[in-house]
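A.B. asks: Let me give you the structure first, and then I'll get to my questions.
Read-outs throughout are calculated quantities, based only on the coordinates presented, and are distinct from any laboratory measurement. Everything numeric in this text was worked out from a predicted model, so none of it was measured. Note that we place each Cβ from the backbone using ideal geometry, even for glycine, and neighbour counts take in every protein chain shown.
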Amino acid sequence: MIPRLETPRLVMREWREEDLDAHAAMSADPEVQRYLEGVLDRVQSWRSMAFHTGHWVLRGYGNWVVERKADGVVIGRVGLWNPEGWFGVEVGWKLARHAWGQGYATEAATAAITWGFDHLGVDRLISVINPENSASLSVADRLGMTKSHDADLDGQAVTIMAIDRTSWRDT
C-alpha cells in the first residue's frame, strides 16, 4: 500500500517494526527534536511510528522511512501528512543528526512533493516550520517554497511555507 520511492541516494519505504531502534534514537536526540514536539522516549517513538503508518491507511499518503542506499541505514522520515485540523497537506522532514547537512532532506522532500502533486490531486503543498529553525527554512527555500503566512500551532508560532503545482512544475 505504501509506494516505494527511490532517489539517487535514498530509498523511501514503508515503516517496519525493526525501524524502532533508529526512530527512537533520532526522537530521543534533543537537537533533532528541538523544533518539534520535544524528546520522545521509546514507547512514544513506537506510537509515533504507528501514527505515521496509520496516516497512510486513513489518508492514502504519509511519511516514508528514509534509508541511505549506500549502507541501508535509516536516516529519518520524510513525506506528506494532513492530520485532522491541520493547515493543509504538508511536506515534512525529520532526519537523524548524523544525516544533517548532506542534502538528504531536500532530495527526499523533492521526491515526496513530486509524488504528492502526481497522486493527490492537490494544487498546493505546505511546510509548517518553527520560525527559528533556519535549517528547515533553508530546505523549504531550496524546494522553491515561499512564505505564505505566520500562524499559531498549539500556542507556538510557526511559519507556513508553500508551493503550488504550477510553481513546482516550473522549477
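A.B. asks: Using a Gaussian network model on the chain with a 10 Å cutoff between Cα atoms, which of A105, A140, A25 fluctuates the most?
C.D. replies: A25
A.B. asks: Another question, if that's okay. Could you tell me the center-to-center distance, by alpha carbons, between the stretch 129-148 and the stretch 1-80 in angstrom?
C.D. replies: 20
A.B. asks: Here is a follow-up. For the stretch 5-170, just the Cα set please: Rg and Dmax, both in angstrom.
C.D. replies: Rg then Dmax for the stretch 5-170, in Å: 14.8, 43.
A.B. asks: If I stretch the segment between A70 and L153 completely, what's the gain in nm (0.36 nm per residue apart, minus their alpha carbon distance), one decimal?
C.D. replies: My answer for the length gained is 26.1 nm.
A.B. asks: Give a quick list of trypsin sites (Lys or Arg not before Pro) in the stretch 45-90 that DSSP marks as loop, anything other than H, G, I, E or B, with at most 15 other Cβ atoms within 10 Å.
C.D. replies: Sparse-neighbourhood loop trypsin sites (Lys or Arg not before Pro): K69.
A.B. asks: Based on other C-beta atoms within 10 Å, arrange V65, V78 from fewest to most.
C.D. replies: Details: V65 23, V78 27.
Least to most surrounded, the residues fall as V65, V78.
A.B. asks: What distance in nm separates the simple spin-label points at E18 and Q102, each placed 7 Å from Cα in the Cβ direction?
C.D. replies: 2.0
A.B. asks: Something else: Starting from the alpha-carbon convex hull of the stretch 28-99, give the projected area averaged over all orientations, in nm².
C.D. replies: 5.4
A.B. asks: How much net charge surrounds S45 when only other residues with a Cβ under 10 Å from its Cβ are counted (Lys, Arg +1; Asp, Glu -1)?
C.D. replies: -1
A.B. asks: How high is the FRET efficiency between V122 and A50 when r is their beta carbon distance and R₀ equals 25 Å, given to the nearest 0.05? Please report the intermediate quantities before stating the final value.
C.D. replies: Working: r = 25 Å, r/R0 = 1.00.
With R0 = 25 Å, the Cβ-Cβ based efficiency is 0.50.
A.B. asks: At most 12 other Cβ atoms within 10 Å and a DSSP loop assignment: could you name the GluC sites (Glu not before Pro) in the stretch 73-171 that fit?
C.D. replies: Answer by residue number: E84, E132.
A.B. asks: Let me ask something additional. List S136, S148 from most exposed to least, where exposure is judged by having the fewest other Cβ atoms within 10 Å.
C.D. replies: Lowest count first: S148, S136.
A.B. asks: Using θ = phi - 60° and the Karplus relation 6.51 cos²θ - 1.76 cosθ + 1.60, list the HN-Hα couplings for the stretch 74-79 in order, rounded to whole Hz, with x at every Gly or Pro.
C.D. replies: Karplus-based 3J(HN,Hα) across the stretch 74-79 equals 6, 10, x, 9, 8, x Hz.
A.B. asks: Going 7 Å from the Cα of V39 toward and past its Cβ, which residues in the stretch 96-115 have a backbone nitrogen under 18 Å from where you end up?
C.D. replies: Correct set: 96-98.
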